[in-house]
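Written below as structure tokens is the structure these notes are about.
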Amino acid sequence: MNRWIEGIMYFFGWTIFCYMAIVILVYSVMLVFAQIELRRQYKLDKRDLEESTIDAVYSKPVSIIVPVYNEQAGVIDSIYSLLSLKYPQTELLVVNDGSKDGTLQLVMEHFRMVCVDKPRAGKLETKRVTGVYQSAIHSHLWLIDKENGGKADALNAGINYSRYPYFCSIDGDSILEENSLLRVMKPIILSNGAVAAAGGNVRIVNGFHVQNGAVHQTMLSNSALIVMQVIEYLRAFLMGRIALSRWNMVLIISGAFSVFNKKLVVEVGGYSCNTIGEDMELVVKLHRFIKEQDLDNRIEFVPDPVCWTEAPQTLKGLRNQRRRWHQGLIQSLWAHKRMTFNPKYGAVGLISFPYFWLVECLGPLIEIGGYIYVVAAFFLGNIYYEFAILLMLLFILYGTLFSIASVLLEAWSMNTYPRRREVIRMILLAMTEVFWYKPLSLFWRVEGLIRFLLRRKTWGQIARVGFSEKGAAE
Amino acid sequence: MITVAIEWVALIILLFTLLLIGITLYLFWSRTREKANQHVKKAYIEKHNRHWYEYFRNLAPFSEEMVPVSPYEIEAVEEIFLSYLMNVSDADIRGKIKQFANEHLVGHYKRMLSSRNWGKRMNSLYRIADFQIYALLDVCEQMERAKLSRDEYFQLLKIKLLFREERFIESFLFMPVKMSEFQYKQYMLLLSPSLLEQLKQRYTELVPECRYALIDTIGIRKEMDTLDFLKACLRDEDSEIRIRSLKAINELNIRIDLTEYDSFIASPVWEERFMMTLLLQRLPDEQSLPYLEKLMNDSSWYVREEAGRAISERRQRAGKRDAEPAY
Amino acid sequence: MNSKFFRDIPIISEEHILNIFTLLKANVVRSRKTISVVLISVLQQERYNPDQQMELTQQMYNHLKAKLRQTDVLFQLDRLLEWGVILSHSGEEEAKAFIQRLYEEMKRTGVAGEFGDPFPFVAAIAEIGNNDIEFDDLMNESRQALSEAASWPGGPIGFVRSGKRRKAERIKVSILESNEIFKDIFRMSLQNLRFDDIQLDIRDFRDGLEFLDSDWYGSSHTHIVITNDILPRKNGMEVVYALRQMPNNGKFIVFMMTKRNAEEDMIAAYESGVDHYIVKPFNIRLFESQLKRVLVRLWS
């Protein structure tokens, strides 16, 4: 019996140790890389580029697609804030996904929408479109009214009616800055269109003073849960996105605000309506298509903060969100599992996919195993103490110290000069992360994994859940 | 063995912690410094914004007090100047900014140009173009010899175009880096007519992106005497060149001789057929309608859509014409 | 302007004219349209016998009725051979032209001939630009002006200037601009503008919401709003929309500054209620002239 336990503990211990060592190494490399990249443009004044890009003749026109569902409270504000984006040539397509409240009437009256006979350009399959309207005030503002079919379906309908070669998808509740679109389009414009999709750095807006579509005053939230999420976003930003983007290995660009090359998106069949994480699914499909057709397109992440989003404020909301995210992630990985270790797909297949499988998908399981190991070790007696201590130290290094490092390095490299009190608060909170936030989020992600395993045959029904992340969280 | 591993990990944690403490202290210190500097900047703006206004509007003479002394005061002056340049077009004010920058800011920007930080060098190059600091042109030209990033080179060449036009073409043709079409276009729109002509003559030496930009620019600038040049481009092997040339010809807003173009109506490239539906609309109905009707059954949605729109527009116009005698 | 097509213009008696005058006078300041009170009298009245006086009175009424608009007021005074007219929406110049036309008309129709040549009437014109002057004072001063005009070779028109002076009007100006430096530049530019009868009350706001949350735009003053199209929180178009939704929104004159120079954007802006569209960068002197013109045009 003891020999069995010893064997199991030995095996698990070393598995967890190896995993942690690999992950810590990978994170360190990515962190160093992100630092070099960000410090290079430290202090760069971005105004000049923005000033010159504004001229219509230089830029590529963009269709902005905003799916709305029961958003009568905020829809007018959203539209106004999108109308004032600093960008020379845009059209704004508001897609009403069968709202049951007064969203449609409100937009119709407010912008004096006139029914027009605009033929559909694209051929993507969507639910029936019941009307296309154009504003009598802003000729580039359109409203597409359709039967309810979910966010992906609404976006596809928008793509069908869009006129320009690039489109930008925006969540109804995300908050943009006036030059967000310019910044996100910059890699596309500067690369002669080689960049097929670009997503911006999404930041958490809770606690910041927000009013009418603009981040007004930056102040750290009072809620520990929100601050933990802020730290988590910073980590993902520094230890992931930047490095992955450099080598064209990004698998996730946020659906809250990103720009796509319409032609390629249509070629891959648009957004998938039967997945939970339609934004990741689209990016993976694009990667796959690019490699299969031997194109030299890239997918990029823009480190500038361009989009602010509301994070869930309650544990329940957060749990929902994380479960969904994880389930969506695994769904996409599973659907494209053939790309894993497939040299045909280059770095995405050889590095991104294995990385996502190991760290993002299975990571939570192994880490939870680590927690259990530590607890078990203390019950089982002194021969395991040392190993438990080793694992704990690794947890601290991996969880706490990397989180603190993200907070500090972000401030350093982006020149944000945070307030002392806020830095100290974030550091203190990061120290507690290992004890509550980390195990919780691991647990939720494992839940997502289990849900994926159990419900994989009923995707269609799951896809109908909440429209915006916020809706799901409340 | 585990004990050794623990020792190592503990050591790493210790070093890492020390490093983080170091960074924290550095951040605290730099925030204090930054706050003080911002204060200097703000104080300068509060004190002198009015003086600058009065000087620019000829309400008061220039006073030596307005000359910034520290880098942060220079930043303040930058802010003030940029606010004017972005919002106000008075030639007098722009001239005064240029004069001041050439007299008082040369040293500052020269230092920044030799900085090891890429961001600082870029900022300096931006400001040299914004404030028209021709006094630094020679320094900029020396920079060209060093190994540069694409963005730096772009800005350097732009500065050359602004201040020393005659040397632009050579540097442009033999630039060591490849620019994006967007960047080429920015040059093209700044070119004087004579430079544009020179570039057209050396068209064969240009890279494809640059050719695209040139043809687009001709269309945007509506250079009427370039029709022959564009027609020559129509015979290019690169379909992108042909499409853009058709587009530029369309923007010239002239009536075309259809015999020279009819091969494009049956072109295998849909973009060319699409451009033809646009060009056909410049012709009288009896000439264009047969072709437009043919294009109504095109395989491309965009071509069908445009042809359909053109035909219904024509019918409407014809309907109105027929109805007129009734009045 | 044939009187046949209009309802007959009533002749108001002296006891009623006071109320009408008070009403019109109060409206002057509010509508920023001056009125002119014209007093017409015949010189050397003793030359005419009572029948001729009656005839003359009748003739004068007929001519006046033919010349006056529905918006003008004709009134009768207790003195004989004296007629009063209030010309709405008219200043001194318009009133002068009116008298000259009347004179020409009388000469042409020969009325003058019947009673001796030239038909000897004089007129006193009082332009009203504020609401301080009292009717009786005005009449006294007008009669004074009449007698001076009668003895003055430059006649037959005299002017009363005491009611003309306009009161300095307070006009609100709001600058909505997020760039602090440029906001100050704007403020200084506006502060340096000088007007005789207008007092600018300038305030600046960093964004649309700060402006809309203030109680600054609620008052009835004429209000010039100079706004950037792109602003944090509520942007320029949202502000324009909110202002144009208000009752009495005619008091707002909106200048919108923008970097967008596409025709479509301009059309959309004007359609949504912008009065002046200014593309940046703009010439600051040109802007000042535009603004001056707008302010001068307020009074007509």
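Looking at (1) touching a residue at least 24 places away in the same chain (Cβ under 8 Å); (2) open to solvent by 60 Å² or more (accessible area, probe 1.4 Å); (3) within 12 Å of chain A (Cβ to nearest Cβ), can you tell me which one C:N261 breaks?
Here C:N261 clears every test but (1).
State which residue is farthest from the other protein chains (Cβ to nearest Cβ) when the search covers only the stretch B:5-44 and only residues that are of a type in the set (G, A, S) and open to solvent by less than 50 Å² (accessible area, probe 1.4 Å). Quick ask: steps written out before the conclusion?
Applying the first criterion (of a type in the set (G, A, S)) to the stretch B:5-44 yields B:5, B:10, B:22, B:30, B:36, B:43.
Within this subset, residues satisfying the condition of being open to solvent by less than 50 Å² (accessible area, probe 1.4 Å) are B:5, B:10, B:22, B:30, B:43.
Numbers: B:A5: 6, B:A10: 6, B:G22: 10, B:S30: 7, B:A43: 13 Å.
Applying the filter and picking the extreme gives B:A43.
Could you please let me know if B:D322 is modelled with pLDDT under 85 and either in the same structural domain as B:D225 (by TED's automatic domain parsing) or in a helix (DSSP H, G or I) (or both)?
Working: modelled with pLDDT under 85: yes; either in the same structural domain as B:D225 (by TED's automatic domain parsing) or in a helix (DSSP H, G or I) (or both): yes.
Yes: the conditions hold for B:D322.
So, in the stretch B:52-62, exactly how many residues are under 13 Å from B:K96 (Cα atoms) and either within 11 Å of chain C (Cβ to nearest Cβ) or polar (S, T, N, Q) (or both)?
Final tally of qualifying residues: 6.
Going by what's in this entry, would C:R244 be described as within 14 Å of chain A (Cβ to nearest Cβ), surrounded by 14 or more Cβ atoms within 10 Å (Cβ to Cβ) and either more than 25 Å from A:E109 (Cα to Cα) or among the hydrophobic types (A, V, I, L, M, F, W, C) (or both)? Steps first, please.
Values: within 14 Å of chain A (Cβ to nearest Cβ): yes; surrounded by 14 or more Cβ atoms within 10 Å (Cβ to Cβ): yes; either more than 25 Å from A:E109 (Cα to Cα) or among the hydrophobic types (A, V, I, L, M, F, W, C) (or both): no.
In short, no.
Would you list the helices (runs of 4 or more DSSP H) that sit entirely within the stretch A:236-324 and hold 3 or more residues that are within 13 Å of the chain's Cα centre (by Cα)? Let's see the steps before the verdict.
Values: elements: A:242-246, A:262-267, A:278-292.
Hits in the stretch A:236-324: A:278-292.
Is it the case that B:K158 is within 14 Å of chain A (Cβ to nearest Cβ), in a loop (DSSP other than H, G, I, E, B) and open to solvent by 30 Å² or more (accessible area, probe 1.4 Å)?
Working: within 14 Å of chain A (Cβ to nearest Cβ): yes; in a loop (DSSP other than H, G, I, E, B): no; open to solvent by 30 Å² or more (accessible area, probe 1.4 Å): yes.
When the stated conditions are applied, B:K158 does not pass them.
Does the stretch C:243-269 hold any residues that are more than 26 Å from the chain's Cα centre (by Cα) and within 24 Å of C:S31 (Cα to Cα), and which are they?
Taking the stretch C:243-269 and keeping what is more than 26 Å from the chain's Cα centre (by Cα), we get C:245, C:256-269.
Listed by number, the list holds a single entry, C:Q245.
Go through the stretch B:265-299 and give me each residue that's part of a loop (DSSP other than H, G, I, E, B) and closer than 16 Å to B:I311 by Cβ. I'd like the intermediate steps shown before the answer.
Pass one, the stretch B:265-299, residues part of a loop (DSSP other than H, G, I, E, B): B:266-269, B:281-284, B:296-299.
Scanning the stretch B:265-299 gives B:Q281, B:R282, B:L283, B:P284, B:M296, B:N297, B:D298.
When you go through C:R206, C:R194, C:R187 one by one, which is the residue that is open to solvent by 10 Å² or more (accessible area, probe 1.4 Å) and within 14 Å of chain A (Cβ to nearest Cβ)?
Details: C:R194 fails: within 14 Å of chain A (Cβ to nearest Cβ); C:R187 fails: within 14 Å of chain A (Cβ to nearest Cβ).
On inspection, the qualifying residue turns out to be C:R206.
Quick one: B:K247 ticks every box in (1) open to solvent by less than 20 Å² (accessible area, probe 1.4 Å); (2) in a helix (DSSP H, G or I) bar one, so which box is it?
Every listed condition holds for B:K247 apart from (1).
Is there a residue in the stretch A:440-462 that is closer than 28 Å to B:A10 by Cβ, part of a helix (DSSP H, G or I), among the β-branched types (V, I, T) and at pLDDT 85 or above?
no
Quick check on A:I16: is it open to solvent by less than 60 Å² (accessible area, probe 1.4 Å) and touching a Gly at 6+ places or on another chain (Cβ under 6 Å)? Break it down stepwise before answering.
Values: open to solvent by less than 60 Å² (accessible area, probe 1.4 Å): yes; touching a Gly at 6+ places or on another chain (Cβ under 6 Å): yes.
Considered against the rule, which asks whether it is open to solvent by less than 60 Å² (accessible area, probe 1.4 Å) and touching a Gly at 6+ places or on another chain (Cβ under 6 Å), A:I16 comes out as yes.
Scan the stretch A:414-449 for residues that are within 29 Å of A:L358 (Cα to Cα) and of a type outside the set (A, V, I, L, M) and report the count. Steps first, please.
First, the residues of the stretch A:414-449 that are within 29 Å of A:L358 (Cα to Cα): A:426-427, A:429-449.
Narrowing further to those that are of a type outside the set (A, V, I, L, M): A:432-433, A:435-439, A:441, A:443-445, A:447-448.
Counting residues in the stretch A:414-449 that are within 29 Å of A:L358 (Cα to Cα) and of a type outside the set (A, V, I, L, M) gives 13.
Considering each of C:V42, C:V38, C:V73 in turn, give the residue that is surrounded by 15 or more Cβ atoms within 10 Å (Cβ to Cβ), more than 14 Å from C:A123 (Cβ to Cβ) and not acidic (D, E). Walk me through it before giving the result.
Numbers: C:V42 fails: more than 14 Å from C:A123 (Cβ to Cβ); C:V38 fails: more than 14 Å from C:A123 (Cβ to Cβ).
Checking each option against the conditions leaves just C:V73.
Are any residues in the stretch A:59-74 modelled with pLDDT under 80 and touching a Pro at 6+ places or on another chain (Cβ under 8 Å), and if so, which ones?
Matches in the stretch A:59-74: A:S59 only.
Of all the residues that make up the stretch A:245-292, how many are charged (D, E, K, R) and in contact with a Leu (Cβ under 6 Å, 6 or more places away or on another chain)?
0
Checking C:V28 against (1) over 22 Å from the mean Cα position of the chain (by Cα); (2) open to solvent by less than 10 Å² (accessible area, probe 1.4 Å); (3) within 30 Å of C:R166 (Cα to Cα): exactly one of these is not met. Which one?
(1)
Can you tell me which residues in the stretch A:11-54 are at pLDDT 80 or above and over 19 Å from A:R241 (Cβ atoms)? I'd like the intermediate steps shown before the answer.
Start the filter on the stretch A:11-54 by keeping residues that are at pLDDT 80 or above, which leaves A:11-38.
Correct list: A:F11, A:F12, A:G13, A:W14, A:T15, A:I16, A:F17, A:C18, A:Y19, A:M20, A:A21, A:I22.
Can you tell me how many residues within the stretch C:264-300 are more than 14 Å from every other protein chain (Cβ to nearest Cβ), touching a residue at least 24 places away in the same chain (Cβ under 8 Å) and aliphatic (A, V, I, L, M)?
Count: 4.
Going through the stretch A:331-352 one residue at a time, which ones are open to solvent by less than 50 Å² (accessible area, probe 1.4 Å) and in a helix (DSSP H, G or I)?
Residues of the stretch A:331-352 that are open to solvent by less than 50 Å² (accessible area, probe 1.4 Å), as a first pass: A:331-333, A:336, A:339-340, A:342, A:345-349, A:352.
If the condition is that a residue be open to solvent by less than 50 Å² (accessible area, probe 1.4 Å) and in a helix (DSSP H, G or I), then A:Q331, A:S332, A:L333, A:M339, A:Y345, A:G346, A:A347, A:V348, A:G349, A:S352 are the ones that fit.
With the checklist (1) open to solvent by 70 Å² or more (accessible area, probe 1.4 Å); (2) under 23 Å from the mean Cα position of the chain (by Cα); (3) modelled with pLDDT of 85 or more in hand, flag the one item A:R425 doesn't pass.
Just one mismatch for A:R425, condition (2).
Could you check the stretch A:90-115 and list, in sequence order, the residues that are part of a loop (DSSP other than H, G, I, E, B) and touching a Lys or Arg at 6+ places or on another chain (Cβ under 8 Å)? Working first, answer last.
From the stretch A:90-115, those part of a loop (DSSP other than H, G, I, E, B) are A:98-102, A:111-112; that's our starting set.
Scanning the stretch A:90-115 gives a single hit, A:G98.
What number of residues in the stretch A:257-279 are open to solvent by less than 10 Å² (accessible area, probe 1.4 Å) and of a type outside the set (S, T, Y)?
Total meeting the criteria: 5.
Residue check, C:L81 against (1) open to solvent by 20 Å² or more (accessible area, probe 1.4 Å); (2) modelled with pLDDT under 85, all met but one. Which one?
Exception for C:L81: condition (1).
The values are calculated or read from the model by the stated rules, or taken from the named source; none is laboratory data. Predicted, not measured: the structure shown is a model, and the values here were computed from it. With ideal geometry, Cβ positions are generated from the backbone for all residues, glycine too; neighbour counts draw on all protein chains shown. Each accessible area value is taken on the protein alone, full model and side chains, heavy atoms only, with ligands, DNA and RNA left out. Shrake-Rupley method; radii C 1.70, N 1.55, O 1.52, S 1.80 Å.
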